[in-house]
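Taken together, the values in this text are just the output of simple stated rules run on the coordinates, not laboratory data. From a predicted model like this one, the values you see are computed outputs, not experimental measurements. Positions of Cβ are generated from backbone atoms using ideal geometry, with glycine treated the same way; all protein chains shown enter the neighbour counts.
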Amino acid sequence: MTELLRFADDVWHRIVAMLVYDGGAPLTLTTGFFIFAFLLFSFGYVAVRHRAHLRTWYVVLFSLYFYYKLSGLYLLLLLGVAISDFLIGRRVAKARDRGGKTKWWVTLSVVINIAILAYFKATNFFVGVINDLYGTGTLDWQSVVVPAGVSFFVFQSIAYVVDISRGTIAPLRRFSDYLFLLSFFPKMFLGPLVKAKEFIPQIESRNLVVTREDFARAVMLVARGLVKYAVIAKSLGLLFVAPAFAGELGDGGLVALMAIYGFTLQIYCDFSGYSDIAQGVALMLGFRLPDNFDAPYKSATITEFWRRWHISLSTWLKDYLYISLGGNRKGTLRTYLNLIITMFLGGLWHGVGLTFIAWGVLHGVALALHKVWLKVVPWAKTLGRDMGVVRRIGATFLTFNLVAFGWLLFTAEDMAQVGDMLGRIAYNFSFAEFVPMVEESKVAMIMMAVGYLMHFLPKSLNNSAVRGITRLGFVGEWLIVVVAIWLVMQCDALLMLHTGVGGGLPMYANF
Amino acid sequence: MNRSDRSSRVGWFTLSVVLGVMALALIPPFELFGMLTARVDLLSELRAESLADEAPMEYTADIERLEQELATMEVVDSAAIVDRLPEPPVTRYEWSLAAPATQEHRPLRSEEFAVDTTRRVIAIEDFDTLAHGKFDHFIEKLADGEHVRIAFMGDSFIEGDILTSDFRAIMQEQFGGRGVGFVACDIPFATVRKSVKRSSSGWIAYSVMKPKSLPERVKDKFFVSGYLAEGKAGATTRWSSTDAFSTLDSCSRARVFLYSRDSSSVIVEVNDSLRQSFDIEGADMLRELYIEAPISSLRLRVERGEVLCYGASLEGDGGVMVDNFSVRSNNGHAIFGTSAKINRQADDMLGYDLVVLQYGLNIMQKGQRGYSRYRDQLRDMIAYAERCFPNAAIVVMGVSDRWVKNEETSKYEPIGSVDALSSYQRAAADSTNVAFWSTAKAMEKLGGMPAFVSKGWAAKDYTHINFQGGRRIAKELAASIINEVYALVVEREEEAKRLAEIERERREATKRYIQSQIDAVLPIIEGVQQSVTE
């Protein structure tokens, strides 16, 4: 009897330990814990799905728990932002209705949100700089842990207030709806950012429908996302990109170049893979999140790239930063400057450091130059699909390399490493390295080939795949997801064996 | 209601996915594209870890108690000074038959290394966040040619001096030093050590692993060696060196470690000829008999009273000492059953520079991939060791490769949890800022457990390596240390060269400057001379 009690007690303790936040094992969509949590959640969800108000609260509570498991007591920060902007949103609407000024309320919201963001993004950096300058210990601050997904909910909250002041949307009546908008769990960690105007009707919808095609698409997104995120990006990064950047695979130029191309694929697969999973999970529940990526490396110009890469962020930057700066309404020169400022701040958002600033400025200047080009050259085109085949291939190649070398700035530890990598490519390049490199990193090279192949396949294949999966039905869909998870677990075991690192968070979570 | 609506599907779909993924655990490993697939188990993280952690130990980490114990120790010390209490009891009884060794040492030169830089080495990962941490200091001491002492703590994997004897031999060959180090006085079961001979009689031997059978008077007296021998008049032990390794056939110093609450008397006999009797006054502390002489054998006999004997250490001057502290079926928890006070007193005498923690073989369960509880315990073990040996760097050795028999196919297959446990051990090292070395990686480099068995380096149980296998792993471990020392030595030499070059240039420049001054003044002097002569 006492044995049994002790066992029960033990199990209870373990369950409690599992349910509370553990900084070493945050909850994401790709953890085993999530699958079980989602299983419990889904049956309840099915029961309440057609009652909008109940459904909202049900999803909100699960989302808040999800965020707590992801980020601990920063949950309070999320709630704080939600309350403050919900109230400010009402004030703004009231002022607007009376024809009064909304500026001060909007400014207050922006200041609060940006202060939060700046505190978490910049504190470590400035403490580090000051201690470097005046000796260690000048400022004795504990390093600040950045709450997961803080940029995403802060940005969405700003957008909500600005949209109300611009009259694009009416303020939400129910606080629960606003919490839902901010905290919906699939998008909580890495986005995509949703537009209030498009998402609010879904929250309030009384007619939630998931068609057979929707479900098949959701399965496709989840499986594709898992393979991209947890197989290709993880193994490519750990087996090839990281050791190549660290110089463990020799100092040859070909390896350096392949490491840059490898990282280019890795960051895409990591980020878009996680977005795919988020989109798929949301779609299974009947919610449509916007596409965040559209095969960005197919872009033939830099302008096109930013319409296909992290679409929700670049749209946000355009709508709320670029346009607020005056956009293209204040003359040509100001337009170019606004572009550069927007990208500079975009770079700064990813990390406070010289390399990120250089990355932002590179893209800003490239965008501005492309605008000039479009103006000066009569036959210039914005999109690849308007170009002839030869020109399109050439332009895509150029754009791809501009972006890839941009990523070098983005990922390098410092400018010295950028110089080192470029030096290796310029002065130590030999095709003779190719065979040894492939032999040394066989798995990673296969992943890279598969990853780029998947990326450059025509988009129409997606729809064919969805049609095919729809025809397969429940069993086929089940098999696809199970095999994808099996692949992920195999890959995890392989990486654990070779590098001692497994699982891990999405790379883009650092930003 | 929409007839094509599938929004109710998500529940059943998720349930069948969960069941499907759980069923994946039933698929045995098979070969795919030349690689063996792993058995995957979704529940491994959630599955009760109690199975694995039901260690036969009753000890748990009690860092607080340890702190108190150490605190009282220091209070007593300082009180003795302030109050002019009677002289504290003698901790060291010396007997010198030879001139004390000179403590000179000189930095090593790069020519003294035979390092093959093209060979791939499994490096020790040092997680110390300090730029100049304990592990760096350990490497520096080796580069300086200073004496270092290593405590190699482990389980049956290193029992009988497997691995450690070769590790010691390689290190002593490179950095100097002689002697086998610590050897227990008596152990409650028969063991064989190739590197040293020991015969004991008349003792009652206790193991820290059997806490239930321990009398109160010895419970709190254990050293990390894990074994204690209680002896009255007549109890005797003889330790003698062997020529199994070139650095072990004789040594220049021996120490015997004792505890004697009440006064007692023991006799020490060196090389079966010279004798010395020691009267030990009673005190609640660790004592050492310190014998300086060319020694090939040493005998201890209790004459009067009752003593607890830990063992003896056979040592040379300078260089590297490696003490093997293997305790059978210990997962590392046994350290919590040892006395922090005794450990600290031993550290004061011996001065450990490095502690290696080799554990985990008995923790692994087939297919289990979650070891967070063991990771937490390992953190406590590290914390405990750090407090007992405050100046020593700590290296956690990852678990070794292990295969188990599949009852259905009666073929051996990977246990499927080596990598998992290893990464948890690494995580423990990471979070406590100590160092980690992957034994599994080293074994993988040598072909993995199947290669060890087929080459006769490991037992047919696919779990325990033998001396042959131990030698291969010892070489890898020693190489990781020697390479670091070598790198430091080369770096220093290059720095010295650079400084010499700067100095030379400075001197040249001074010379040139003086010459130019002379060149400038000479014509004037000559002019003056000329005008004078004219």
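Observations on the structure shown:
- Averaged over peptide A:28-35, the number of partner chain Cβ atoms lying within 10 Å of each residue's Cβ comes to 2.
- Where labels lie 7 Å past Cα in the beta-carbon direction, separation of B:Arg109 and B:Arg506 in nm: 2.5 nm
- Note on B:Ser201 and A:Arg391: the model spin-label points, each 7 Å out from Cα along the C-beta direction, lie 10.3 nm apart.
- Here, the protein assembly as shown has an Rg and a Dmax of 35.2, 131 Å when only alpha carbons are counted.
- Cα coordinate range in segment A:48-204, projected on the principal axes (Å, largest first): 59, 41, 21
- Here the gap between A:Asp414 and A:Thr332, fully extended at 0.36 nm per residue and compared with their Cα-Cα distance, gives a gain of 26.1 nm.
- Here segment B:180-279 is assigned +1 on the Cβ of each Lys and Arg and -1 on the Cβ of each Asp and Glu. Its dipole about the Cα centre then comes out at about 280 debye.
- Signed unit charges on C-beta, dipole axis of the protein assembly as shown, positive-most listed residue B:Ile291, A:Leu39, B:Thr191: A:Leu39
- The mean number of partner chain beta-carbon atoms within 10 angstrom of a residue's beta-carbon across peptide A:339-351 is 0.
- What the Cβ-Cβ distance of A:Asn463 and B:Ala459 gives, at R0 = 56 Å and to the nearest 0.05, is a FRET efficiency of 0.40.
- Structure-based [θ]222 nm, the protein assembly as shown - -39500 (n - 2.57) summed over DSSP H runs of at least 4, per residue, nearest 500: -17000 deg cm²/dmol
- Convex hull volume of the Cα atoms of segment B:273-384, normalised per residue: 160 Å³.
- Taking all Cα pairs closer than 8 Å and separated by 6 or more residues, the relative contact order of segment B:427-489 comes to 20 percent.
- Between A:Glu248 and A:Lys375, the C-beta separation translates, for a Förster distance of 35 Å, into a calculated FRET efficiency of about 0.15.
- Residues of segment B:289-307 with amide N under 15 Å of a point placed 7 Å along Cα→Cβ from B:Asp249: B:295-297
- Once the Cα-Cα distance is subtracted from the 0.36 nm per residue extended length, the B:Ala487 to B:Ala123 segment shows a gain of 129.8 nm.
- For segment A:290-374, the spherically averaged projection of the C-alpha convex hull amounts to 5.6 nm².
- Between segment A:199-254 and segment B:313-339, the alpha-carbon center distance in angstrom: 49 Å
- Calculated on alpha-carbon atoms, Rg and Dmax of segment A:186-293 in Å: 17.8, 61
- The peptide list B:143-156, B:19-32, put in order of mean Cβ contacts within 10 Å with the highest first, becomes B:143-156, B:19-32.
- Each peptide in B:303-316, A:145-158, A:362-375 was scored by the mean count of other Cβ atoms within 10 Å over its residues; highest first, the order is B:303-316, A:145-158, A:362-375.
- In this calculation the C-beta distance from A:Leu79 to B:Arg261 is compared with R0 = 51 Å, giving a FRET efficiency of 0.20.
- The packing ranking, built from the mean of other Cβ atoms within 10 Å per residue, places the peptides A:241-254, A:178-191 in the order A:178-191, A:241-254, highest first.
- Computed about the Cα centre, the dipole magnitude for the protein assembly as shown is approximately 6320 debye when only Lys and Arg (+1) and Asp and Glu (-1) carry charge, each at its Cβ.
- Per-residue mean of foreign Cβ neighbours for B:12-25 is 6 (Cβ atoms of other chains, 10 Å radius).
- Ranking B:Tyr352, B:Pro215, B:Ile342 by Cα position along the charge dipole of chain B, where only Lys, Arg, Asp and Glu carry charges on their C-beta atoms, puts B:Pro215 farthest toward the positive end.
- Among the trypsin sites (Lys or Arg not before Pro) found in segment B:427-484, those both in a DSSP coil and sparsely packed, with 15 or fewer other Cβ atoms within 10 Å of their Cβ, are B:Lys455, B:Lys460.
- Relative contact order for segment B:69-497: 23 percent, from Cα pairs under 8 Å spaced at least 6 residues apart, divided by residue count.
- Scanning chain B for cysteines with no neighbouring cysteine C-beta under 4.7 angstrom from their C-beta gives B:Cys251, B:Cys388.
- Taking N as its residue count, the alpha carbon Rg of segment B:69-497 over 2.2 N^0.38 Å: 0.99
- Label-point separation, A:Tyr427 to A:Val48 (7 Å along Cα→Cβ), nm: 6.5 nm
- Under the convention that each Lys and Arg Cβ holds +1 and each Asp and Glu Cβ holds -1, the size of the dipole of segment B:69-497 around its Cα centre is about 1560 debye.
- Projecting the Cα positions of B:Gln517, B:Leu19, A:Leu313 onto the charge dipole of the protein assembly as shown (unit charges on Cβ atoms of Lys, Arg, Asp and Glu, taken about the Cα centre) puts A:Leu313 furthest along the positive direction.
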